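First up is the structure itself, then whatever we jot down about it.
Coordinate-derived values only; no laboratory data. Fair warning: this is a prediction, and the values are worked out from it, not measured in the lab. Here the Cβ positions follow ideal geometry from the backbone for every residue, glycine too, while neighbour counts run over all protein chains shown.
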Amino acid sequence: MLEHGAAPPAAGSDPRPPSPPGGLGARLMRRKPVERLVAEGGQGEGGTLRRSMGMWQLTMISIGATLGTGIFVVLGDAVPKAGPAVILSFVIAGVTALFSALSYAELAGSIPVSGSSYSYAYATLGELVAWVCGWCLILEYGVSVAAVAVGWGQYLNELLSGTIGVTLPDALSAPPGDGGVFNLPALIVVMLAMVFLLGGAKESARANAIMVGVKIVALLLFCGVAAQGISSGNYANFMPLGIAGVSGAGATLFFSYIGFDAASTAGEEAKDPQRDLPRAIMLSLIIVTALYCLVAAVAVGARPWKNFEGSEAALAGILKEVTGQGFWSVLLAAGAVIAIASVVLTVLYGQTRILFAMSRDGLVPKVFSKVHPKSGAPRTNTVLVSLFCGILAAAIPLGQLADATSIGTLFAFALVNIAVIVLRFTKPDMPRSFRTPLAPVFPAIGFLLCLYMMSSLGPVTWVVFGVWMVVGLVVYFVYGMRRSRLATAEK
């Protein structure tokens, strides 16, 4: 529950952590005190981040990062796995997200910093676990930007086809493996998001709020028009692939629920993070889950589930089938082009702020925590991350990107649930502006649900995740462990 007027943790204590006894194990388990995390909030190399966002802007960041991904882009991949029961897949993914969102809300109100679950793990589970969590967040956010950007290109082609009668050739609008050479639209939308972010958090939040309004109107428009084509026969064989198909689709769709995590990365740019972050996280998740389930129910009612295979711009196609006219699909495609761009913008924002926090702790190079004095934004960080994500989006197929994002997200969320339990026992009296109900039961359920969803992902995804983790551990032991600011403080 909310505890009005809860004060932030005191920042006046000694920021240097006590030196642990020698040994590799102790070095890997060293924790960063909560007081030090909060005291360093906003501080970067050469400047500080600006606190300019209230609850409304934070909620819009959450919705902007979440709403659109699963509906506009991944629905075509998820329906063939679950059939009409994809509606249940959205519910399962949403419930799994809810338990983790409760844990996020408690930690965001207690430790309002930019590092999200990376910082929460650093305060509770130790440096090695924090690094692993941060490395998963890099996978989650960076790959998510790329995956959403791929779908943006599909809707751009729908818009071009319906307005001027031409489309970009496959060679320039699809990655290798999907019949193309280079996905130029995916690269373009990432670069456009980069331009907004370079202007500063306040300007980016304003642009995002406008785009979120457009996407909500577009989805409600889809429901109103497509509902005319609903056939009860399309729901008849509701669960053709069984509960395993529902779970598998749910694991893929969990990729669509990372928006509240993006809100938690804005902790150092929020005006009143202790009060506003928990509220923004919960409100955005409720709004997004309701819209996802509504649109999915209409979509599978208006089109036989087997016809979704290979459709990355499914909603526009459904409107064309239902009305027999191109006008509505063009209108939706225009809304989707704007809507998906907001996902790219907000998730890219989250990625840069996580790297900002890791850089400030010395675990990644200092260039990622340099703040431009005029805009109050980490400009070099933004450019480097945008270029990486843009090239990834232009070269990798959508399905592989979505599943890789899901497993990174689920692993990070699992750690957040554990962090809540640990912090309840180690710092029971710490001020909390939001408390997870029935802790530690609810965080434990959230942890187990994340593990269950991870088990539903395919072996290829696990192999990719394993390789990513090995690479991350090599980077940590070669670079991060020695350059950590906690390590240098102990010398």
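A few points about this structure:
- Residue (of Gly213, Ile354, Ala65) at the positive-pole extreme of the chain, dipole from beta-carbon charges: Ile354
- Shown for the chain: lysine pairs separated by 8 or more places, or found on different chains, whose C-alpha atoms are under 22 Å apart, numbering 15.
- The residues neighbouring Glu203, those whose beta-carbon lies less than 14 Å from its own, together hold a net charge of +4 under the Lys/Arg +1, Asp/Glu -1 convention.
- Reported to the nearest whole Å, the Cα centre-to-centre distance from the stretch 108-131 to the stretch 419-434 is 13.
- Packing-based ranking of 382-389, 345-352, 42-49 yields 345-352, 382-389, 42-49, ordered from highest to lowest mean Cβ neighbour count within 10 Å.
- Angle of helix 327-360 to the longest C-alpha principal axis of the chain, folded into 0 to 90 degrees and rounded to 10: 10°.
- Centre separation in Å (Cα based) which lies between the stretch 342-389 and the stretch 188-264: 24
- Expected-Rg normalisation [2.2 N^0.38 Å, Cα atoms] applied to the chain: 0.94
- Put a dot 7 Å past the Cα of Leu220, heading toward its Cβ, do the same for Leu28, and the two dots end up 5.3 nm apart.
- Given +1 at the Cβ of Lys and Arg, -1 at the Cβ of Asp and Glu and no other charges, the dipole of the chain around its Cα centre is 1200 debye to the nearest 20.
- Relative contact order computed over the chain (Cα-Cα under 8 Å; 6+ residues apart), in percent: 33
- Take each peptide in 233-243, 405-415, count the other Cβ atoms within 10 Å of every residue, and average; sorted highest first, the result is 405-415, 233-243.
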